[in-house]
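Asks: Structure in structure tokens, see below.
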Amino acid sequence: MNMDYLIIGAGFAGSVMAERLASRCDKKVHIIEKRPHIGGNCYDEVDSSGVLVHRYGPHLFHTENRVVYEYLSGFTQWHNYRHKVVAHVDGRNIAIPFSFTTLYQVFDDVKADVLKAKLIERYGEGNKVSVLELREAEDEELKALGEYVYEKIFVHYTAKQWGIPASEVNPAVLARVPVLTSYDTHYFQDTYQAVPQSGYTRLFETLLDHPNISIALGEDALETLKIIDKQLYYEGERFEGTVIFTGMLDALFDHCYGVLPYRSLDLRFEVCDQEYYQDNAVVNYPNEHEYTRITEFKHIHPVKSPQATILKEYPQNYINGKNIPYYPMPTEDSKEQYERYAALAQEIDNLVLLGRLAEYRYYDMDDIVARALDVFEELT
Ligand SMILES: Cc1cc2nc3c(=O)[nH]c(=O)nc-3n(C[C@H](O)[C@H](O)[C@H](O)COP(=O)(O)OP(=O)(O)OC[C@H]3O[C@@H](n4cnc5c(N)ncnc54)[C@H](O)[C@@H]3O)c2cc1C
């Protein structure tokens, strides 16, 4: 076996590791990817209407991390794109995150003026205040505003997303939902915001274009990679190199402690015979329909086409072997379950766990790239 590293999965976690090991350390790397393409969940392709679509849901790159931005800039040009989202509430589209712009969309000018003045007085202009804080405000009108945002924009969306009743939504997650004390209508406020000019797949092709890297697509690594007596075997032989595993940890250990819970999505694309379907890249539907949002990709990657491609996202339960595990569901129980698997993995010297599945945590793209760069430094 002429390889130093075996990497399972060709998403950002696996691909960044492969690129660093091959180009920085001259290591021989073999990647096994069970899907028929590279890029993991960031994979995109041009569809029948000529629109570049993100096959696993809209992916917007945004970061404060200059190192990550500069690293990726070595593999792609960027299309400057600043994401905006609206929510369909009471029959009209309103800007989110909730800001002064939204205040004047949903309330009459007199009421909006009062609330704006109170928000500035209490939290300052150009800041962020969490919905949680607003709901706990002493001022009755600010408190009512917090309730409004919670009820109209947040709670039913979250309940739909996670498949739980609204009453079971954990108020603690509200701590992360901001209300902006400005007119800013951008969804993210990060310094760097863009999408790869020629798409994510092209970025991954460039990342992986190195003579030391070989890739096998459409292969489930768990058919050839086995653990016997705390040793790794690949294609029946003891593997002495290092395995970087970015797949599901419970699957690696044959689900011996049960299946880890995830939330999945049914992603339904539609090609519409009209130039544009909606005014925005993303419209959220917090309070109606079974889907959570509609994305129109032409707003993200502009192209001239008489047709528009849209994507409706229907959250659904994850069933092992039937659909894709998108979001880990970290509860006290599942974290404990994961830790038991992680303890098994720790007993194997030449096994490294990396990525949203193997580490059982949600990572944005910039976070997983940063994490892979760190793990590379630790390993070498
Ligand atoms: C709907 C959705 C929208 C998102 N939007 C954004 C966004 O706007 N901005 C942002 O920054 N982040 C976003 N993300 C997060 C982003 O997708 C992740 O940060 C990124 O995909 C993590 O990379 P990864 O390599 O850890 O995982 P993945 O991309 O999932 O890659 C893991 C790869 O391993 C492969 N694999 C698993 N098991 C095996 C096996 N046994 N054998 C072979 N191969 C295997 C899988 O097929 C997969 O290709 C979004 C995620 C989702 C689900």
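Asks: Cut-off 10 angstrom, C-alpha nodes, Gaussian network model of the chain. Which of G146, G241, G124 fluctuates the most?
Replies: Comparing G146, G241, G124 in a Gaussian network model of the chain, the most mobile one is G124.
Asks: Could you work out which residue, out of I294, I120, I244, moves most in a Gaussian network model of the chain, that is, has the largest mean-square fluctuation with Cα springs under 10 Å?
Replies: Top of the fluctuation ranking is I120.
Asks: How much length would be gained if the chain were fully extended between D47 and A343, taking 0.36 nm per residue of separation minus their Cα-Cα distance, in nm to one decimal?
Replies: Answer, rounded to one decimal: 102.2 nm.
Asks: Right, another one. Lys/Arg Cβ at +1, Asp/Glu Cβ at -1, dipole of the chain taken about the Cα centre: which of Q231, T309, P178 is farthest positive-ward?
Replies: Working it through, the farthest residue towards the positive pole turns out to be T309.
Asks: Return a single number: how many Lys pairs in the range 91-180, at a sequence separation of 8 or more or on separate chains, have alpha-carbon atoms below 23 angstrom apart.
Replies: Qualifying lysine pairs in the range 91-180: 13.
Asks: As I understand it, the value is the acute angle between the Cα axis of helix 365-379 and the longest principal axis of the Cα atoms of the chain; what does it come to in degrees, rounded to 10?
Replies: Compared with the principal axis, the helix lies near 30 degrees.
Asks: Assuming R0 = 30 Å, what is the FRET efficiency of A117 and V67, from their Cβ-Cβ distance, to the nearest 0.05?
Replies: 0.15
Asks: A follow-up question, please. Going Cα to Cα from K84, which aspartates and glutamates come in below 14 Å? Please leave out same-chain ones fewer than 8 positions away.
Replies: D184, D190, D279, E296
Asks: Taking only Cα atoms and a 10 Å spring cutoff, compute GNM fluctuations for the chain and point out the largest among R176, R293, R263.
Replies: For the chain, modelled as a Gaussian network with Cα springs under 10 Å, the answer is R176.
Asks: Right, next: What length, rounded to one decimal in nm, is gained on full extension from I228 through to K335, with 0.36 nm per residue of separation minus their alpha-carbon distance?
Replies: Result for the pair: 36.0 nm of gain on full extension.
Asks: So if a site counts as exposed when it's one of the GluC sites (Glu not before Pro), its DSSP state isn't H, G, I, E or B, and it has at most 16 other Cβ atoms within 10 Å, what's the longest stretch of the chain without one?
Replies: 139-218
Asks: If you average the sequence gap of Cα pairs under 8 Å that are 6 or more apart and divide by the length of the range 99-243, what percent do you get for the contact order?
Replies: Relative CO of the range 99-243 lands at 24 percent.
Asks: Test of understanding: extend the Cα→C-beta vector of V271 to 7 Å, then name every residue of the range 299-318 with backbone N under 19 Å from that spot.
Replies: Only 299-312 pass the distance filter.
Asks: With a point put 7 Å past each Cα toward its Cβ, work out how far D279 is from V110 in nm, to one decimal.
Replies: Going from the D279 label point to the V110 one covers 2.6 nm.
Asks: What do the square roots of 5 times the Cα gyration tensor eigenvalues come to for the chain, in whole Å, largest first, as semi-axes of the equivalent ellipsoid?
Replies: The answer is 40, 24, 20 Å, longest axis first.
Asks: Tell me which lysines have Cα within less than 26 Å of K28's Cα, excluding those fewer than 8 residues away on the same chain?
Replies: K226, K230
Asks: Right, here's the next one. If a paramagnetic tag sat 7 Å from the Cα of H37 along the Cα-Cβ line, which residues of the range 189-232 would have the backbone N under 11 Å from that point?
Replies: So the set is 200-202.
Asks: In deg cm²/dmol and to the nearest 500, what is the mean residue ellipticity at 222 nm of the chain if only DSSP H runs of at least 4 residues count, each as -39500 (n - 2.57), divided by the residue total?
Replies: Calculated at 222 nm, the ellipticity per residue is -8500 deg cm²/dmol.
Asks: I've got another one for you. How far is helix 332-346 tilted off the main Cα axis of the chain, in degrees rounded to 10, range 0 to 90?
Replies: Taking the Cα atoms of the chain, the angle to 332-346 is about 20 degrees.
Asks: Can I ask one more? With angles folded into 0 to 90 degrees, how steeply does helix 140-149 sit against the dominant principal axis of the chain? Use alpha carbons for both and round to 10.
Replies: Long axis of 140-149 versus the principal axis of the chain: about 50 degrees.
Asks: Mean separation of Cα pairs under 8 Å and 6+ residues apart, divided by the residue count of the chain: what relative contact order is that in percent?
Replies: Dividing the mean separation by the residue count of the chain yields 26 percent.
Asks: Please calculate how many Å² of accessible area the range 116-248 carries per residue, with a 1.4 Å probe and no DNA, RNA or ligand atoms counted.
Replies: Result: 52 Å² of accessible area for each residue.
Asks: Run the accessible area of the chain with a 1.4 Å probe and give the carbon-and-sulfur part as a rounded percent.
Replies: Within the chain, the accessible surface is 45 percent carbon and sulfur.
The values are calculated or read from the model by the stated rules, or taken from the named source; none is laboratory data. Quick caveat, the model's predicted, so the values are computed rather than measured. Neighbour counts run over all protein chains shown; Cβ positions are idealised from the backbone, glycine included. Side chains are part of the model used for accessible areas, which takes the heavy atoms of the whole protein and leaves out ligands, DNA and RNA. Shrake-Rupley method; radii C 1.70, N 1.55, O 1.52, S 1.80 Å.
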